[in-house]
Amino acid sequence: MSPSKENHVGDETFDYNDRYGATGKRSWVLPAIIVAVIGIPWTIWAALDHSQPELRSTLYSFSVTGEREITMRYAIERRDPQDVVTCTLVTLDFDKNIVGQIDDQIDGGEKIVIRTVAIPARLPPVSARIAACRIS
(Lines give C-alpha, C1' and ligand atoms only; values in the text may rest on other atoms or scores of the structure.)
Protein backbone atom coordinates (compact mmCIF):
# COMPACT_ATOMS: atom_id res chain seq x y z
CA MET A 1 0.00 0.00 0.00
CA SER A 2 1.19 3.37 -0.80
CA PRO A 3 1.01 6.16 1.70
CA SER A 4 -2.01 8.30 1.39
CA LYS A 5 -1.60 11.97 0.62
CA GLU A 6 -4.83 12.71 2.34
CA ASN A 7 -3.16 12.57 5.80
CA HIS A 8 -0.49 15.06 4.78
CA VAL A 9 -1.21 18.59 5.98
CA GLY A 10 -0.16 20.33 2.83
CA ASP A 11 3.00 21.09 0.96
CA GLU A 12 4.35 23.44 3.62
CA THR A 13 7.63 22.49 5.18
CA PHE A 14 8.50 23.30 8.76
CA ASP A 15 10.37 26.61 9.16
CA TYR A 16 11.71 27.97 12.46
CA ASN A 17 11.46 31.54 11.19
CA ASP A 18 7.72 31.12 10.71
CA ARG A 19 7.32 29.60 14.14
CA TYR A 20 9.55 31.91 16.23
CA GLY A 21 9.75 35.02 14.08
CA ALA A 22 12.54 36.11 11.78
CA THR A 23 15.06 38.60 13.09
CA GLY A 24 17.03 41.02 10.93
CA LYS A 25 20.17 39.30 9.79
CA ARG A 26 22.13 42.56 9.47
CA SER A 27 20.96 44.40 12.56
CA TRP A 28 24.54 44.57 13.87
CA VAL A 29 25.97 46.45 10.88
CA LEU A 30 24.86 49.99 11.81
CA PRO A 31 26.05 49.80 15.47
CA ALA A 32 29.34 48.29 14.31
CA ILE A 33 29.91 51.13 11.84
CA ILE A 34 29.10 53.75 14.49
CA VAL A 35 31.46 52.14 17.01
CA ALA A 36 34.20 51.87 14.37
CA VAL A 37 33.83 55.48 13.20
CA ILE A 38 33.98 56.83 16.78
CA GLY A 39 36.12 54.20 18.50
CA ILE A 40 39.07 53.80 16.15
CA PRO A 41 40.03 57.50 15.96
CA TRP A 42 39.54 57.89 19.72
CA THR A 43 41.80 54.89 20.41
CA ILE A 44 44.52 56.29 18.14
CA TRP A 45 44.26 59.74 19.76
CA ALA A 46 44.38 58.31 23.30
CA ALA A 47 47.38 56.12 22.51
CA LEU A 48 49.37 58.95 20.94
CA ASP A 49 48.45 61.52 23.57
CA HIS A 50 49.17 59.37 26.61
CA SER A 51 52.34 57.79 25.25
CA GLN A 52 54.10 61.16 25.49
CA PRO A 53 53.20 62.73 28.85
CA GLU A 54 54.08 66.32 29.75
CA LEU A 55 56.45 65.10 32.45
CA ARG A 56 58.02 61.74 33.24
CA SER A 57 60.21 60.92 36.25
CA THR A 58 62.43 57.86 36.78
CA LEU A 59 64.19 56.83 39.98
CA TYR A 60 67.56 55.29 39.13
CA SER A 61 69.07 54.61 42.54
CA PHE A 62 69.37 55.69 46.15
CA SER A 63 71.93 54.95 48.82
CA VAL A 64 72.16 55.67 52.51
CA THR A 65 75.07 58.13 52.78
CA GLY A 66 74.81 58.99 56.47
CA GLU A 67 72.98 58.21 59.68
CA ARG A 68 70.24 60.64 58.67
CA GLU A 69 70.67 61.13 54.93
CA ILE A 70 69.94 59.36 51.66
CA THR A 71 71.35 60.34 48.28
CA MET A 72 68.95 59.80 45.39
CA ARG A 73 69.74 59.72 41.65
CA TYR A 74 66.76 60.33 39.40
CA ALA A 75 65.84 61.77 36.01
CA ILE A 76 63.02 63.83 34.62
CA GLU A 77 61.95 64.09 31.01
CA ARG A 78 59.72 66.98 30.00
CA ARG A 79 57.96 67.63 26.74
CA ASP A 80 58.81 71.34 26.79
CA PRO A 81 62.44 71.89 27.88
CA GLN A 82 61.68 75.42 29.12
CA ASP A 83 59.24 74.23 31.81
CA VAL A 84 60.31 74.65 35.43
CA VAL A 85 59.71 71.39 37.31
CA THR A 86 59.38 70.81 41.05
CA CYS A 87 59.80 67.26 42.36
CA THR A 88 58.88 66.20 45.89
CA LEU A 89 61.41 63.62 47.11
CA VAL A 90 60.83 61.64 50.32
CA THR A 91 62.79 59.24 52.49
CA LEU A 92 61.16 56.37 54.36
CA ASP A 93 62.08 54.46 57.50
CA PHE A 94 61.79 50.73 58.12
CA ASP A 95 58.01 51.00 58.77
CA LYS A 96 57.52 53.04 55.56
CA ASN A 97 56.87 56.28 57.43
CA ILE A 98 58.07 59.48 55.79
CA VAL A 99 61.11 60.71 57.73
CA GLY A 100 62.44 63.28 55.28
CA GLN A 101 61.06 65.37 52.45
CA ILE A 102 62.39 68.06 50.12
CA ASP A 103 61.16 69.88 47.04
CA ASP A 104 63.79 69.87 44.30
CA GLN A 105 63.28 72.60 41.69
CA ILE A 106 64.68 72.04 38.21
CA ASP A 107 64.95 75.10 36.00
CA GLY A 108 64.24 75.08 32.28
CA GLY A 109 66.97 74.04 29.91
CA GLU A 110 67.44 70.47 28.76
CA LYS A 111 64.67 68.04 27.88
CA ILE A 112 66.16 65.19 29.97
CA VAL A 113 67.81 66.07 33.28
CA ILE A 114 69.56 63.60 35.59
CA ARG A 115 69.92 64.78 39.19
CA THR A 116 71.72 63.50 42.28
CA VAL A 117 70.24 64.97 45.46
CA ALA A 118 70.96 64.39 49.17
CA ILE A 119 67.78 64.21 51.27
CA PRO A 120 68.10 64.85 55.01
CA ALA A 121 65.95 62.79 57.38
CA ARG A 122 64.89 63.20 61.03
CA LEU A 123 65.27 59.44 61.70
CA PRO A 124 67.49 56.79 60.06
CA PRO A 125 66.12 56.26 56.52
CA VAL A 126 66.14 52.98 54.61
CA SER A 127 64.41 53.91 51.36
CA ALA A 128 63.61 56.86 49.12
CA ARG A 129 61.12 57.63 46.40
CA ILE A 130 59.77 60.36 44.15
CA ALA A 131 56.45 61.37 45.67
CA ALA A 132 55.42 63.69 42.82
CA CYS A 133 56.74 65.89 40.07
CA ARG A 134 54.82 68.85 38.71
CA ILE A 135 55.33 71.69 36.28
CA SER A 136 55.58 74.94 38.24
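The single residue among 59, 89 that is in contact (Cβ under 8 Å) with a residue 60 or more places away in the chain and surrounded by 10 or more Cβ atoms within 10 Å (Cβ to Cβ) turns out to be 59. Put simply, of 102, 106, 38 the only residue that is farther than 19 Å from residue 118 by Cα, aliphatic (A, V, I, L, M) and free of Cβ contacts under 8 Å to residues at least 40 places away in the same chain is 38.
Hey, any hits in the stretch 81-104 for a residue that's assigned by TED's automatic domain parsing to the domain that holds residue 67, out of contact with any strand residue (DSSP E or B) (no Cβ under 8 Å at 6 or more places or on another chain) and closer than 15 Å to residue 57 by Cα?
So the first thing to find is which residues in the stretch 81-104 are assigned by TED's automatic domain parsing to the domain that holds residue 67, and the list is 81-104.
Now restrict to residues that are out of contact with any strand residue (DSSP E or B) (no Cβ under 8 Å at 6 or more places or on another chain): 81-82, 94-95, 97.
This time we only want the ones that are closer than 15 Å to residue 57 by Cα, so: 81.
There is at least one residue in the stretch 81-104 that is assigned by TED's automatic domain parsing to the domain that holds residue 67, out of contact with any strand residue (DSSP E or B) (no Cβ under 8 Å at 6 or more places or on another chain) and closer than 15 Å to residue 57 by Cα.
Which ranges mark the strands (runs of 3 or more DSSP E) fully within the stretch 52-111 that have 3 or more residues being modelled with pLDDT under 95, of a type in the set (Lys, Arg) and on the phi > 0 side of the Ramachandran plot?
Working: elements: 55-66, 69-78, 85-92, 98-106.
By residue number, no strands (runs of 3 or more DSSP E) qualify.
The selection criterion, being over 13 Å from residue 59 (Cβ atoms) and assigned to a strand (DSSP E or B), does not hold for residue 128.
Scanning the stretch 20-46 for residues that are loosely packed, with under 10 Cβ neighbours inside 10 Å and either among the hydroxyl-bearing types (Ser, Thr, Tyr) or in the same structural domain as residue 81 (by TED's automatic domain parsing) (or both), we see that the one that is nearest to residue 83 (Cα to Cα) is 27.
Counting only residues that are among the hydrophobic types (A, V, I, L, M, F, W, C), surrounded by 14 or more Cβ atoms within 10 Å (Cβ to Cβ) and in contact with a Ser or Thr (Cβ under 6 Å, 6 or more places away or on another chain), the stretch 92-126 holds 4 of them.
The values are calculated or read from the model by the stated rules, or taken from the named source; none is laboratory data. Note that the structure is predicted; figures quoted are calculated from it, not measured. Backbone-built Cβ (ideal geometry, glycine too); neighbour counts: all protein chains shown.
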